[in-house]
Structures are given as C-alpha cells and as structure tokens.
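Here is the structure we will look at.
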Amino acid sequence: MESFIEIKPITDYEFEAFAQMLAICFIGDYDIPLTDSQLSDLCTDMTQSAKDRITSIDILFANNEPIGFIQYQIDNPNSDWCEFEGYGCIREVYVNKTHRKQGYGRILVTHAEDELKKQSAEHIYLTSDDATGFWLSVGYTDTGEICDKNNNNILIKQTQQ
C-alpha cells in the first residue's frame, strides 16, 4: 500500500464517484437488485443525510483516486437507522475490489472510530452477515444478537476514551 492516502467528507464533487461505488457495493457485492431510479434515490438520501449532519460519509482516496467510502453516525432518533441511541454506528464500508486486502478497510474503520470517539461514543456497533474475519481482526465482538432491520449479526466494540 504505497500510495498517497486521503480521507475526506463527501462533497457534491464526489457524488458521481460515490454513486458508482454504491452501485457496485449494493448490486455487485450485496447482490441487491436495484433499478437505476432506486439507486439514485438511495444515493441522494444517503448524501442528504450527510449534508444534514445526521450521518457522515467519507471518501477514501489513494493517489487522488476515490477507491472507497464509509458511512457512520451517532445513533439518534433523527436517523432512519437508530438501533442503540447514543452509540456510534458504522453503517456501510466499501473498498474497490482491486484495492482490497491492502489495509484500506482497516484505515476507513479506524478513521470512523476516531471520529465517533470525538463525538463521545463509548461503544460502536455495526451489523454484518459475516461475524468473523475482518470485523474480529479490528476488535469487534459478535453479540450473538440478530438485527431486526436486516437480519445480520450485531457486532460491538468498546472505544478507548
């Protein structure tokens, strides 16, 4: 991973790159069939949530090329996703397939955790269909609970304040 790395909050300038990554993430990786209209609405809703400061979406650049993103938040009733009010939540993480297994996912997760800690999150959680591997390697623990919203495992990590 010998690249110039930068993580920046999403702006209108990165909207197209974000939309392309989101399409690959949901349609390709998650195998969720979305029409162009549904994908556009999802992308618009996600970016509006970031503009409204309900969530954060940060784009990962390697050598000035957008290669990934992370969406995270402090759970609150204003969000469309609030499982544990006051907890930090990692909602989505994506790294382009050609850049996976090079530490970029870990960089994004660490970045989001640091930002959530700055907002006083004592715990950070996420949901995943894979409660092993990567998430355990970055310190998350499987709670044994299943999220009602997406039927995925709930994993949690206590932050070091």
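No value in this document is a laboratory result; all are computed from the given coordinates. Here the structure is a predicted model, which is why all the values come from computation and not from measurement. A quick note on method: Cβ atoms are made from the backbone with ideal geometry, for glycine too, and the neighbour counts reach across all protein chains shown.
What net charge do the residues around A17 carry, taking every other residue with its C-beta under 13 Å from that of A17, with Lys and Arg at +1 and Asp and Glu at -1?
-4
Running a GNM on the chain with Cα contacts under 10 Å, which residue among I32, I59, I74 ends up with the highest mean-square fluctuation?
Greatest mean-square fluctuation among the candidates belongs to I32.
Which percent of the Cα-Cα distances in the chain go past 27 Å?
The calculated P(r) of the chain puts 19 percent of pairs beyond 27 Å.
If the reach is capped at under 17 angstrom between alpha carbons, list the lysines near K118, excluding any in the same chain fewer than eight residues apart.
Candidates past the 8-residue exclusion: K8, K157.
What is the set of long-range amide H partners of E92 at a cut-off below 5 Å, with H atoms built 1.01 Å from backbone N?
Q71
Taking the stretch 67-143, which GluC sites (Glu not before Pro) meet the DSSP loop condition and have no more than 14 other C-beta atoms within 10 Å?
Taking the stretch 67-143 and a limit of 14 other Cβ atoms within 10 Å, the loop GluC sites (Glu not before Pro) found are E85, E122.
Which of these, S49, S128, S137, has the largest mean-square fluctuation under a Gaussian network model of the chain (Cα springs below 10 Å)?
S137
Neighbour counts of other C-beta atoms within 10 Å: give me W81, W135 arranged from fewest to most.
W81, W135
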